[in-house]
Amino acid sequence: MRTGRKLRLSACFLCIFILVKKLKAVPLFSIIIHIMKKGVVDRMRDRERVAKRFGAGIIAAALVLPACVGLAGCGGKGASDAPVSLTVWHYYHGAQQYAFDSLVEEFNSTVGKEQGIYVQGVGQGTVSDLESAVRDSLAGKVGSDEMPDMFSSYADTAYEVEQAGALADLSDYLSDEELGVFVDSYVEEGRIAEDNSLRIFPLAKSTEVMILNRTDWDPFARAAGVSLDDLADMEGVVAVAQAYYEYTDSLTPDVANDGRAFYGRDSMANYFNIGMRQMGNEIFRVEDGEVSLNLDKASLRRLWDCYYVPMVKGYFGAYGAFRSDDVKTGELLAYTGSTTSAMYFPDAVEGDNGRYDIDYLVMQAPGFAGGEHIAVQQGAGMAVCKSDERHEKASVEFLKWFTQAENNLVFCGDSGYLPVRKEANSSALLDQVIEERGLELSPKTYDCITQIFDEMSDMTLYTNKCFRNGSGARKVLEYHLADKAHADRVLVEQKLAEGDSLEDACAAYLTDEAFDAWYQDFGRALQEAVN
């Protein structure tokens, strides 16, 4: 009996040894490090491969050993039955990372354990850091890590990887019925391949809202005779911003031209893309991957008048890294930003006059008067790298689980994103998940999400199709007009300091000739970018 037991144990240990060897297992000290401090390993790129291989080895051992006990050997356990270890690169941080990691752990201990799938998330820093890591890996750059199984990606970056032939065709693993549960436009955004097959799995999305410092708005509104209804469109916002500048200027009659800005926005690229669509145009017309520019002059003049002009006059502003920072310092009263920015909207203003608490109000993002109710569709999806059927299928199984209505709402509730399934875009279901799962949502995040839920029935979400050099073209939208407005505002402030009136100081920058010069330069910059 002792000899038989020894043979059985030897067979089991041999099986585990072979399996771990196949998975390129690593020294014991790396295993201990991973168990004790997973978060540290995630942030140390020189140990990412260690963490991945360790995960596979330990899960493999845990799953194989029970199957081997009591058997003469493990010969019946083929390599295809071994657990699948998956690595996910993402850019989440703070509450978003905590929410993501918590769900990954839940998957690993439940469905993943049952199906033999182990997922490990690896933070890569900012969105730009993640994009650089993906490009470096794709190019085989010295010192770069090997490509992960999945990575968070915006469409432009995924399009580059797809053009290199490195993305899996997710259509192979999802039926039409399974895809039908997702918001249609979210699925369409992921169809970036030439044959229109799916390359990006919708994970969580966002759009824009307007958030207002209600505490400082109320006394101004009473004094100036304005109302929240005046903020329904961009033309109204400009008018209110002028009234606010004049109101704050009047508070210090002994100091000329010290009025304050009322409004700002985080994304200028969204301003161009969505503003043009609201006016019935599309700045990037894409067919079969080829782009042509639609620089409708009248539409671009409205965009100029509703951003550049109030920026130069000091009615709008952009000072810190994000407009929520400007609200915190008291330099702005309102801004348009992503639903995910709600968690950064301050609870208090900390300005030159001290600190005081403020209340907030979430509103529909203002569009252009007379235009369609079109809002930006943004937020990274999840791209699956081309590898083998087992890893690709396992990746899709994880993503399907992650985007189940309740799971997705848990993630979105903590991060400010919008769920991707049609049924999940419901305030009632969100309330149910909050109660059943004991979630503690920030009131601002809750208000942002439910604001969009209320708008979904009559709102069209839009994002432009992918094209080569799309990232470069988007940067032109993001910085070209914004940089000019900032530079020209500095010159206007110099003239104001020299004693000029606001009208005289701004005059040279607001002529038709000034717009025409910018229009020509803007067109050239965009054409160079897309070429």
(Q) Among the listed residues A517, A525, A428, identify the single one that is modelled with pLDDT of 95 or more, touching a helix residue (DSSP H, G or I) at 6+ places or on another chain (Cβ under 8 Å) and outside any loop (DSSP other than H, G, I, E, B). (A) A525
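Would you confirm whether any residue within region 192-201 is part of a strand (DSSP E or B), in contact with a helix residue (DSSP H, G or I) (Cβ under 9 Å, 6 or more places away or on another chain) and at negative phi?
yes
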Q. What is the number of the single condition among (1) acidic (D, E); (2) modelled with pLDDT of 95 or more; (3) farther than 30 Å from K328 by Cβ that E160 does not meet?
A. (2)
(Q) Among the residues that make up region 457-478, is at least one of them in a helix (DSSP H, G or I) and either of a type in the set (F, W, Y) or over 26 Å from the mean Cα position of the chain (by Cα) (or both)? (A) no
Q. What residue, among those in region 143-168 that are assigned to a loop (DSSP other than H, G, I, E, B) and acidic (D, E), is surrounded by the most Cβ atoms within 10 Å (Cβ to Cβ)?
A. D149
**Q.** Options T445, T463, T450; residue that is out of contact with any strand residue (DSSP E or B) (no Cβ under 8 Å at 6 or more places or on another chain) and crowded, with 18+ Cβ neighbours inside 10 Å
**A.** T445
Q: Go through region 99-135 residue by residue and tally those that are polar (S, T, N, Q) and surrounded by 21 or more Cβ atoms within 10 Å (Cβ to Cβ).
A: 2
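I want to confirm something. Restricting to region 241-289 and keeping residues that are among the hydroxyl-bearing types (S, T, Y) and surrounded by 15 or more Cβ atoms within 10 Å (Cβ to Cβ), which single residue is nearest to E503 (Cα to Cα)?
Y245
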Q) Does any residue in region 442-469 that is over 24 Å from M279 (Cβ atoms) come within less than 7 Å, Cβ to Cβ, of a residue that is of a type in the set (S, T, N, Q) and loosely packed, with under 15 Cβ neighbours inside 10 Å six or more places away or on a different chain, and which pairs are these? A) T450/S427; F453/S427
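Going through G289, G225, G280 one at a time, which residue ends up being at positive phi and either aliphatic (A, V, I, L, M) or without any contact (Cβ under 8 Å) to a residue 60 or more places away in the chain (or both)?
Of G289, G225, G280, the one residue that is at positive phi and either aliphatic (A, V, I, L, M) or without any contact (Cβ under 8 Å) to a residue 60 or more places away in the chain (or both) is G225.
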(Q) Can you report the number of residues in region 318-341 which are closer than 15 Å to D258 by Cα and surrounded by fewer than 22 Cβ atoms within 10 Å (Cβ to Cβ)? (A) 2
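The values are calculated or read from the model by the stated rules, or taken from the named source; none is laboratory data. All values derive from a computational prediction rather than experimental measurement. Ideal geometry is used to build each Cβ from the backbone, glycine not excepted, and the neighbour counts take in all protein chains shown.
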